[in-house]
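Student: What follows is a structure written as structure tokens; I'll ask about it next.
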Amino acid sequence: MKRNGLCVHCGKIDQLMHDLCNECYEIEQNNIKAVKKVLFKYPNSNAIDLSIKTGISIDGITRLIKKGTLI
Ligand SMILES: [Zn+2]
């Protein structure tokens, strides 16, 4: 479901998907894929390990975990 609003990631006003603009939503989908790949290889990784191995900020990782997209 799309609605207009402020992207929680970059602050752009756009049509949002899960509180993200199109651009950030795509980036997030790629981030999720990257994190899942690392988790598959290293199931006991913590947020810091994931951040180092994927290049995503720890903030970004914890946001994905909080949203439950990785489980
Ligand atoms: Zn955005």
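The values are calculated or read from the model by the stated rules, or taken from the named source; none is laboratory data. All figures in this text were calculated on a predicted structure; none of them were measured in a lab. Ideal geometry is used to build each Cβ from the backbone, glycine not excepted, and the neighbour counts take in all protein chains shown. Surface areas here come from the heavy atoms of the whole protein model, side chains and all, with no ligands, DNA or RNA. Shrake-Rupley method; radii C 1.70, N 1.55, O 1.52, S 1.80 Å.
Student: Isolated Cys in the chain by the 4.7 Å beta carbon test?
Tutor: Unpaired cysteines in the chain: CYS10, CYS24.
Student: Setting aside same-chain residues fewer than 8 positions from LYS41, which aspartates and glutamates have a Cα under 18 Å from its Cα?
Tutor: Answer for LYS41, where 18 Å is the Cα cut-off: ASP49, listed by chain and number.
Student: Something else: Using a simple spin-label model with points 7 Å from Cα along the Cα→Cβ vector, what separation in nm is obtained for LYS41 and GLU23?
Tutor: 2.9
Student: If you don't mind, there's one more thing I want to ask. For ILE56, what is the net charge nearby, where nearby means another residue's Cβ is under 10 Å from its Cβ and Lys, Arg count +1, Asp, Glu -1?
Tutor: So the surrounding residues net to 0.
Student: Checking the table LYS12/LYS53; LYS12/LYS33; LYS36/LYS67 against a 20 Å threshold on Cα-Cα, which pairs fail?
Tutor: LYS12/LYS53; LYS12/LYS33
Student: I've got another one for you. With each run of n ≥ 4 DSSP H residues scored as -39500 (n - 2.57), what mean residue ellipticity at 222 nm is computed for the chain after dividing by its residue count and rounding to the nearest 500 deg cm²/dmol?
Tutor: Values: 3 runs with 38 residues, N = 71.
Rounded to the nearest 500, the figure is -17000 deg cm²/dmol.
Student: Considering just Cα atoms, how many Å³ per residue does the convex hull of the chain enclose? Don't skip to the end; give the middle numbers.
Tutor: On the way: hull volume 5.7 nm³, N = 71.
Dividing the Cα hull volume of the chain by its residue count gives 80 Å³.
Student: Next question, about the same structure. Considering only protein heavy atoms and a 1.4 Å probe, what is the carbon-and-sulfur percentage of the accessible area of the stretch 3-67? Write out the running numbers ahead of the final one.
Tutor: Details: 2480 of 4550 Å².
In the stretch 3-67, the share of accessible area belonging to carbon and sulfur is 54 percent.
Student: Which whole-number percent is the relative contact order of the stretch 3-67 (Cα, under 8 Å, 6+ apart)? Can you show the working numbers first?
Tutor: Values: 60 pairs, mean separation 11.5, N = 65.
The value is 18 percent.
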